[in-house]
1. Of all helices (runs of 4 or more DSSP H) completely enclosed by region 1-117, which ones contain at least 2 residues that are surrounded by fewer than 15 Cβ atoms within 10 Å (Cβ to Cβ) and over 13 Å from the mean Cα position of the chain (by Cα)?
2. Are there any pairs with C-beta distances below 8 angstrom linking a residue in region 100-113 that is in contact (Cβ under 8 Å) with a residue 24 or more places away in the chain to a residue that is basic (Lys, Arg) and buried (at least 22 other Cβ atoms within 10 Å of the Cβ), with the two at least 6 apart or on different chains, and if so which?
3. Out of (1) within 12 Å of Leu76 (Cα to Cα); (2) modelled with pLDDT of 90 or more; (3) aliphatic (A, V, I, L, M), what's the single condition that is false for Val24?
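The values are calculated or read from the model by the stated rules, or taken from the named source; none is laboratory data. Every value quoted in this text rests on a predicted model; they were computed, and no experiment measured them. As a convention, Cβ positions derive from the backbone with ideal geometry for all residues, glycine included, and neighbour counts pool all protein chains shown.
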Amino acid sequence: MLLRAMVLLPLTAAGVRLLGLRRVQGLLERLAPRPDQHRPAEEGAAERTARAVATAAGCFPLPASCLPRSIALWWLLRRQGINSRLRLGVRKAGGSLLAHAWVEHQGRPLNERADVAKHFAAFEDFGSAGARDR
């Protein structure tokens, strides 16, 4: 999983910059089937995958932002048949609008603090593939 994450992170970062979020997600959706809602995930698999992505992100000279990390995690979970949701949120800080991305599994953030939703107003449905995978 770590090697997959190490390959996927720079690809998602480049893809988002060149193609945008929706196109990258659409491409990744075609490469992995939608998770089966009825198949139980292996206990702890989602958390292990999140740790692998975080470890991979720490191995690169340039920091991977939250969006490529979250897209990579969402897709790796999807490939394992684990249902998850890519979340995008915003908040205002001073005169700036800040955005953040994270992945939720069973209503809990995997790659972010548990209280992330208190700090960022998450879009309920931003029209992406991740929003449809509820």
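1. 2-19, 21-31, 45-57
2. Ala101/Arg69; Ala101/Arg87; Trp102/Arg87; Val103/Arg87; Asn111/Arg69
3. (1)
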